[in-house]
Amino acid sequence: MILDIQGIDTYYGLGHILHRLSLRVGEGEVVALLGRNGAGKTTTLRSITGLTPPRSGAITYKGASIAGLPAHRISQLGIALVPETRGIFSYLTARENLDIARRPGSRWPMESMLERFPKLREVLDRKGRFLSGGEQQMLAIARALLTGPDLLLLDEPSQGLAPLVVEAVMGTVRELKREHVSMLLVEQNAEMALGLADRVYIIDHGTIVFEGTPAALRADERITTAYLGLGG
């Protein structure tokens, strides 16, 4: 088990967002975390990465506790987040955005990223604020991979993208799955996520309400209707 979360409670100020939440990601496994907007998906990723540390509960990565560690230390341990906002430095070029993320020994060096995302090669000298949404998403994923993570957290990678760009981005996620990269995927497009995931969790009001395989979820019309709007 590469990631094991047990009973975490996370707050924003006085707001209690995650309630005794538990989930796990195995080595080389793709796990989808689904739910409505505001259900607590992004907060779960922020809890893992130390951006919004939980007040209680345990987060174990590769057998070691990481709850309460600063975000930069968690990143150094091998967890990379591709945030929903993409987090591109708008006044740096694409090349500079990539350069600041490079780490020696990463299994994904710069050249492999440019081969994986050939569009980025065309815009390396373009500043972040002039990149399209799709180019920014490719840049955000490439930047995360350059850090050499063993666990990749993806927050809404298809959001706001044109269908052709979505296919390119999600094609990359499928390639990473074939390479046995461990991933926790938050994705509003439930059908797309279920096509990629080995296991799936559904979160509602900060609580896990379903855990199982995509096939088991599809077979449970009560859950898919109540929490994903896929039934009926």
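Every number here is computed from the coordinates shown, using simple stated rules; none is lab data. Everything numeric in this text was worked out from a predicted model, so none of it was measured. Cβ sites come from the backbone with ideal geometry, for glycine too, and all protein chains shown count toward neighbours.
In terms of modelled amide H atoms, which long-range or inter-chain residues lie less than 5 Å from the amide H of Ile17?
Amide H to amide H, under 5 Å and 5 or more residues apart or across chains, Ile17 pairs with Thr10, Tyr11, Tyr12.
If you find the alpha carbon centre of the stretch 1-26 and of the stretch 163-223, how far apart are they in angstrom?
For the stretch 1-26 versus the stretch 163-223, the Cα centre distance is 18 Å.
Within the chain, what's the longest run with no trypsin sites (Lys or Arg not before Pro) in a DSSP loop and at most 16 other beta-carbon atoms within 10 Å? Give the range, please. All intermediate terms of the calculation are to be shown ahead of the outcome.
On the way: sites that count: Arg36, Arg55, Lys62, Arg102, Arg107, Arg126.
Excluding the exposed sites themselves, the longest stretch runs over 127-232.
Under the rule that an exposed site lies in a DSSP loop and has at most 13 other Cβ atoms within 10 Å, name the longest stretch of the chain with no GluC sites (Glu not before Pro) of that kind, not counting the sites themselves. Don't skip to the end; give the middle numbers.
Numbers: sites that count: Glu27, Glu179.
Counting at most 13 other Cβ atoms within 10 Å as exposed, the longest clean stretch of the chain is 28-178.
Which values, in whole Å and largest first, are the semi-axes of the equivalent ellipsoid of the stretch 95-232 obtained as the square root of 5 times each eigenvalue of the Cα gyration tensor?
Values: eigenvalues 197, 54, 30 Å².
Semi-axis lengths for the stretch 95-232 are 31, 16, 12 Å.
Rounded to the nearest 20 debye, what is the charge dipole size of the chain about its Cα centre when +1 sits on each Lys and Arg Cβ and -1 on each Asp and Glu Cβ? List each step's numbers first, then the result.
Working: 26 positive and 25 negative charges, 103 e Å.
That gives a dipole near 500 debye.
Where Rh denotes the Kirkwood radius from the mean inverse Cα pair distance, what is Rg over Rh for the chain? Intermediate values should be presented prior to the final figure.
Details: Rg = 17.3 Å, Rh = 18.0 Å.
When Rh is taken as the Kirkwood radius, the ratio is 0.96.
Where Lys and Arg each count +1 and Asp and Glu each count -1, what net charge lies around Leu196 among other residues with Cβ under 12 Å from its Cβ?
On the way: positive: Arg174, Lys177, Arg178, Arg199; negative: Glu29, Glu175, Glu187, Glu191, Asp198.
Overall, the nearby charge balance is -1.
What does DSSP give for the chain in terms of the percent of beta bridges that are antiparallel, rounded to the nearest 5? List each step's numbers first, then the result.
Details: 20 of 37 bridges.
Percentage antiparallel, nearest 5: 55.
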